[in-house]
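Have a look at the structure below before the remarks.
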Amino acid sequence: MPKIKVNGTEVEAPPGMRLLEVLTNLGTDVPHYCWHPGLTPAGNCRMCLVKVSNSRKLEVACMVMPSEGLEVTTEGEEIDAARKSVLEYMLINHPLDCPICDKAGECRLQDYTYEYRHGLSRFKEDKVIRPTKDLGPNIKIWGNRCISCTRCVRFCDEIAGTGELSIVNRGDHSVADTHPEVPLDNPMSLNVVDICPVGALIDKNFLYQARVWFAERKDSVCTSCSRGCNVVATVYKNEIKRLQPRFNADVNGHWMCDHGRLNIAQVASERRLKQAKGTVQDLARALREGGNKSAVIVSSSHTLEELYLLRQLANAVQAKVAVLGRDVGTRWVSKSGFAIEPDKTSNRRGAELLFGGGAGGRPTTLGSVVQLARSIWDGQVKTLFVSNQLPDLEWPEELVAAAPKLQSLAVADLLDGPLVARADVVVPTVCWAEKDGTIMNLDGRIQRLRPLVAPPQGARTELAFLQELLVELGVRRHVVSAEAVFREAFPGLDYARVGLLGTVPGASTTPPAGTAPHVGNK
Amino acid sequence: MSDPTARSGRTGRTVPPSRPPPREREFSPAVKEELERLCARYPQRDAALLPAMRLLEREFGCVDEPGMRHVAALLGVSPAKVFGVLTFYTHYRRSTDGRYVLQVCSTLPCALRGSEKIYDHLSKTLGIGKDETTPDGLFTLKKVECLANCDMAPCLQINEAFADRVTPESCDEMIAQMRAAKDTGPIGAWEPPPQQYHVPPNPHAPVLLEHVLEAGSHTLQHYVKRGGYEVAKELYRSGRHPDEVVEEVFKSGLRGRGGAGFPTGQKWKFLAKNHKPRYLVINADESEPGTFKDKLLIDKDPHLLLEGILLAAYAIRSEAAYIYIRGEMGPGAKILQQAIDEAYAEGFFGDDLFGSKLKVDVTVHRGAGAYICGEETGLLSSLEGGRGHPKIKPPFPAVEGAWGCPTIVNNVETLACLPQILRPGGGDAFRSVGTEKSKGTKIFSISGNVVRPGNYELPLGTPLKELIFDIAGGIPNGKKLKAVCPGGSSSPFLTAEEVLADDPLIRLDFESLQQAGSMLGSGAIIVMDEDTCMVDALWNILRFYAHESCGQCTPCREGTGWIAKTAGRFELGGGQVAEIDQLDEIAWGMVGRTICVLADAAAMPARSIIRKWRAEFEAHATGQGCGRAHGHVQLPATVGGAHNHA
């Protein structure tokens, strides 16, 4: 590793790493626009100018490959003046329309202009006008704000591999654009909005939704597929306004897919269940009476804590279990290797772990629910508890048709559906964005969900409800926190160990306590 | 129907389409085969994008959206990339273009000889403005930047053909003939008469230009008859070690003729030694305003260049050479291709050259209108089929150039020097001419206000004033000299006093001009007489650089436009004295801050003009004007104040 001196302090530069990344990792702030850690460097914005001992001119740090003994200066009059000058050029044709710009508050033009106290413009000429228009179904461009840094172009070329963008025209007419007949539309297109360092590329879904400085930023994990991309949610007035990827080298890198990003409508859906029916005692009684003629349907999108409790429940009353899954389409892999999984459940690995999916097999999917329906017709199952976390699941007609045959039906669900109408006990539950808990992604990484918004009135956490049920059944003694259940299920692990980026339980970690119940209808 | 390909703010009137444009375009099988043959000339298919768009032009009369998608699919690139490439270059025909695209050169050498009047005349006669098309779809009027035809100023390009030294009267005549032409296709077939080459009398025995005016000088037969290809034949049969040849060229003192003056042999020595193929790329993207020497060599002695290519390819062990010729030189590209075809037929290119088992292939790669492609890494980006964005150095092309392989980029004139250097005793002869550090003869292109503009091949070190006054006949109409731009518009300008001084005497060599605070550049000398308004001259060249900035680096993209607009405001009477220093400061802020030196090329002459002719800027700012009659200026509606030249 080459040793270099940064502002007089000796540091080691990891081999192959550009100077700007070395400096950024050291916490040395070097302003930049075009450089992005997930993309090849372009060296065009000219903002990250630093002084290096092997050049007379100032050099852009994003292109310098540190060599042994290199001395780097990142501050000083000459450097400040140069950066200020670049900033001045950058702003002359910029519309300075911050009051109406969606990027305000998270715009690097604003930040650096503030930092370098560049308040006066000497530019008296006419500005160049570039178009404001739709680039695709989700993205709009304000051409006048574009600084031609090519981050978006590089993203489409290098990461998505779909190449919908190019810089068009030249000189000060340069602007990012699509071919007039081929819109910017790929499964991960909205990442260009996040990486746009200015307000040029805008997410139409977020446009004029919230001023970011009034909104809260909260960390969580996307539950739209089994990848579990780390996200940060922008929450304003108890509403999730957008999801953005949060860097996790082991899961999603810098990116996330559009499906996951936009799949937030069900959280604030009008069709959320709010009205409870029956009590915990009613359900406990029904299950006790049903005994081994009871069945429980659980989903692969429950948290590990919920699944652990559901397993305790199934074991306690010797109920049969069917696990719901959801596969949509085929696996999509981007040029850079970013994958979008067809498994649209968030905790398949967790469900497999707790309910024993068998060698390479996934949890029993709706096929076995059809089998379960047959058992209802046969009179083998008389009591059914459906606990579902998959919104808008299309229930098989066989099950809906068999429901009236049941002696007792209880449903814990997010949205209204055909089974709810027929249920004796209804529990409106909270969704992924309203609860604390963990999920395991397809690589076996345990990651933590956090409450982002308050649940709708009337909705209950399943964690509490299931514990109350188990207390009623005499299996558990108290209602405890999510973390307490987690520590019980995964001895040796706690939420601190899961942390912001998750953890993969090692071989030394004890598997979840207790034995797996009888799965399916074998 | 709007044309999405048009630059915003520059859309002209469009031709009402007689029928809706097709939704899809497809080449005929024969054209597809032609494209495949083109693709085979490059290590990567997508490099054929620029020529593929020429095929669209030829087959469909323009490059439009469906055509771009078709080419994208054939070459395996995204439609957006094709769109980005199309809009980078100015020379492709668009769907809104008329049958005849009239391109008036507006850059300094033509402006000094009245090109504005030509433009105004055409605009009035045709009833259309810039980038607009007549309602009958016959004419499109464009203002373009330097056409490398400055000795024929004012010049006009009609579709691909050049019309020399045009006058309002000759324009009327040509328009009448175009109107009378019985055209059926989307591209008009009428052409002005072929160019007449004027090489003024040359006091020194020329070597490079010795034969250019002889009839048939561009043919293989003519070239072979005067001993052509003998040096190459000799070398390929000699079995000499290539490094010896490199050394010989190094010792001759030959320095690059494209502008930077870097020793050619030294450049060759920098080639990375690895197992990758090596490429020889010939820079024929002659577009530095005032430069028109390579065009002459290509049009009139292409085999001299081709033999130079064979010699260089031998020295650097390259099997593939690409001649990057600027897009505007359509006729030159044809002549060059004919010469190449002749040479291939004779076995002078291809496999087993002269029985040596060595092979060299040569390909003409035509640009499409972008000055920056004359910068060697911008050129390589364009050769690879992209926008002509210069690349960050290091790595230098000799290490990682075209397609990531070691590449030598040499100027046309540089390679044309090789046959004379590598013939027996040639190196010594070459070295015996010139100065201590600037060896040999060089072609100087002189234009602007001189009696005999043209190309002169002179020993390096010839006094500048000797060229202007003795050789080129001095300033016409008894006017006085005011300013000289000695090395293309990128070189800092010199005052008459500096040029006329005996001590220090400014000579035409790399060192002398550097000492004078300027540079030899490409050897393009633009002469301005006493009637020239220097504010106007500055505005003119700054418009050029703003138009030609590739747009990558912030200081250049924004700065070139800024100083051009400010200079324009001064010219039109809207400047303030306090802003003169500011203009200089803004120009200074661009220097040394960018990937290539285009920003420097705009800033350095600007700063020299502001410093040396500051009084003129002050006079403009204080409402006195400069008292000189000169070219027309169009007052943009947004710039207040009247034109200040009463």
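The values are calculated or read from the model by the stated rules, or taken from the named source; none is laboratory data. Quick caveat, the model's predicted, so the values are computed rather than measured. A quick note on method: Cβ atoms are made from the backbone with ideal geometry, for glycine too, and the neighbour counts reach across all protein chains shown.
Only residues that are of a type in the set (Val, Ile, Thr), surrounded by 24 or more Cβ atoms within 10 Å (Cβ to Cβ) and at the interface with another protein chain (Cβ under 7 Å from one of its Cβ atoms) were counted in the stretch A:177-193, giving 1. Criterion first (surrounded by 14 or more Cβ atoms within 10 Å (Cβ to Cβ), of a type in the set (S, T, N, Q) and within 28 Å of the chain's Cα centre (by Cα)) does A:Asn138 satisfy it? Judged against the criteria, A:Asn138 is a match. Only a single criterion out of (1) closer than 25 Å to B:Cys596 by Cα; (2) in contact (Cβ under 8 Å) with a residue 60 or more places away in the chain; (3) among the small types (Gly, Ala, Ser) is not satisfied by A:Gly171, namely (2). Restricting the stretch A:125-148 to residues that are free of Cβ contacts under 8 Å to residues at least 24 places away in the same chain and more than 8 Å from chain B (Cβ to nearest Cβ) leaves a set whose member that is farthest from A:Cys107 (Cα to Cα) is A:Lys133. Among the residues making up the stretch A:149-176, those that are facing chain B (nearest Cβ under 7 Å), within 30 Å of the chain's Cα centre (by Cα) and under 16 Å from B:Gly551 (Cβ atoms) are A:Leu165, A:Ser166, A:Ile167. Count of the stretch B:586-614 residues, restricted to those that are closer than 21 Å to B:Pro289 by Cβ, in a loop (DSSP other than H, G, I, E, B) and in contact with a strand residue (DSSP E or B) (Cβ under 9 Å, 6 or more places away or on another chain), is 1.
Here A:Glu88 passes the criteria (1) assigned to a helix (DSSP H, G or I); (2) closer than 22 Å to B:Cys553 by Cβ; (3) of a type outside the set (Val, Ile, Thr); (4) away from chain B (no Cβ under 12 Å) except the one numbered (4). Just for the stretch A:29-49: of the residues that are away from every other protein chain (no Cβ under 13 Å) and not small (Gly, Ala, Ser), which one is surrounded by the fewest Cβ atoms within 10 Å (Cβ to Cβ)? Here the answer is A:Asp29.
The residues listed here are B:Gly521, B:Gly568, B:Gly574, B:Gly517; of these, the one that is within 14 Å of chain A (Cβ to nearest Cβ), in a loop (DSSP other than H, G, I, E, B), out of contact with any Lys or Arg (no Cβ under 7 Å at 6 or more places or on another chain) and in contact (Cβ under 8 Å) with a residue 12 or more places away in the chain is B:Gly574.
Residues of the stretch B:507-540 that are closer than 21 Å to B:Pro453 by Cα, acidic (Asp, Glu) and surrounded by fewer than 22 Cβ atoms within 10 Å (Cβ to Cβ): B:Asp529, B:Glu530, B:Asp531. The test for being at pLDDT 95 or above and surrounded by fewer than 21 Cβ atoms within 10 Å (Cβ to Cβ) does not hold for A:Ser269. The set of residues in the stretch B:347-379 being more than 19 Å from B:Ile298 (Cβ to Cβ), more than 14 Å from the chain's Cα centre (by Cα) and charged (D, E, K, R) consists of B:Asp351, B:Asp352, B:Lys357, B:Lys359. If you go through the stretch B:540-551 one residue at a time, do you hit one that is of a type in the set (A, V, I, L, M, F, W, C), away from every other protein chain (no Cβ under 14 Å) and in contact (Cβ under 8 Å) with a residue 40 or more places away in the chain? So far as the stretch B:540-551 goes, yes, one or more of its residues are of a type in the set (A, V, I, L, M, F, W, C), away from every other protein chain (no Cβ under 14 Å) and in contact (Cβ under 8 Å) with a residue 40 or more places away in the chain. Total residues in the stretch B:547-564 satisfying the condition of being surrounded by 24 or more Cβ atoms within 10 Å (Cβ to Cβ) and in a helix (DSSP H, G or I): the figure is 12. The single condition from (1) closer than 20 Å to B:Asn149 by Cβ; (2) of a type in the set (A, V, I, L, M); (3) crowded, with 17+ Cβ neighbours inside 10 Å that B:Val245 fails is (1). Inspect all residues belonging to the stretch A:18-27 and state whether any of them is in a loop (DSSP other than H, G, I, E, B), of a type outside the set (Lys, Arg) and either modelled with pLDDT under 95 or buried (at least 19 other Cβ atoms within 10 Å of the Cβ) (or both). Scanning the stretch A:18-27 turns up at least one residue that is in a loop (DSSP other than H, G, I, E, B), of a type outside the set (Lys, Arg) and either modelled with pLDDT under 95 or buried (at least 19 other Cβ atoms within 10 Å of the Cβ) (or both).
Checked against (1) within 14 Å of another protein chain (Cβ to nearest Cβ); (2) at pLDDT 95 or above, A:Cys101 meets all criteria but (1).
The single condition among (1) assigned to a loop (DSSP other than H, G, I, E, B); (2) surrounded by fewer than 23 Cβ atoms within 10 Å (Cβ to Cβ); (3) charged (D, E, K, R) that A:Arg130 does not satisfy is (2). Hey, any hits in the stretch A:430-452 for a residue that's hydroxyl-bearing (Ser, Thr, Tyr) and buried (at least 21 other Cβ atoms within 10 Å of the Cβ)? Checking the stretch A:430-452: at least one residue is hydroxyl-bearing (Ser, Thr, Tyr) and buried (at least 21 other Cβ atoms within 10 Å of the Cβ). Answer yes or no as to whether A:Ala421 is among the small types (Gly, Ala, Ser) and surrounded by 18 or more Cβ atoms within 10 Å (Cβ to Cβ). So A:Ala421 does not fit the description; no. Of all residues in the stretch B:48-90, how many are away from chain A (no Cβ under 13 Å), within 26 Å of the chain's Cα centre (by Cα) and not aliphatic (A, V, I, L, M)? Qualifying residue count for the region: 6.
Scan B:Pro302, B:Pro277 and give me the residue that is crowded, with 22+ Cβ neighbours inside 10 Å and at pLDDT 95 or above. Steps first, please.
Numbers: B:Pro277 fails: crowded, with 22+ Cβ neighbours inside 10 Å.
The unique qualifying residue is B:Pro302.
Scanning the stretch A:32-74 for residues that are within 21 Å of B:Ser549 (Cβ to Cβ), out of contact with any Cys (no Cβ under 6 Å at 6 or more places or on another chain) and among the hydrophobic types (A, V, I, L, M, F, W, C) turns up A:Met47, A:Leu49, A:Leu58, A:Met63.
A residue that is surrounded by 12 or more Cβ atoms within 10 Å (Cβ to Cβ), among the hydroxyl-bearing types (Ser, Thr, Tyr) and at pLDDT below 95 cannot be found anywhere in the stretch A:484-495.
Here the condition is being farther than 30 Å from B:Asn274 by Cβ, among the hydrophobic types (A, V, I, L, M, F, W, C) and at pLDDT 95 or above; of B:Leu422, B:Leu505, it holds for B:Leu505 alone.
Every residue, every condition in (1) within 26 Å of B:Ala315 (Cα to Cα); (2) of a type outside the set (A, V, I, L, M, F, W, C), yes or no:
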site	(1), (2)
B:Val360	yes, no
B:Ile372	no, no
B:Gly388	no, yes
B:Lys439	yes, yes
B:Lys442	yes, yes
B:Leu458	no, no
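When only residues in the stretch B:179-212 that are of a type in the set (S, T, N, Q) and farther than 14 Å from B:Phe444 by Cβ count, which is surrounded by the most Cβ atoms within 10 Å (Cβ to Cβ)? Walk me through it before giving the result.
Let us first name the residues in the stretch B:179-212 that are of a type in the set (S, T, N, Q), namely B:184, B:195-196, B:202.
From the residues that got through so far, the ones that are farther than 14 Å from B:Phe444 by Cβ too are B:184, B:195-196.
Working: B:Thr184: 8, B:Gln195: 17, B:Gln196: 8.
Step by step, filter the stretch B:179-212, then rank; the result is B:Gln195.
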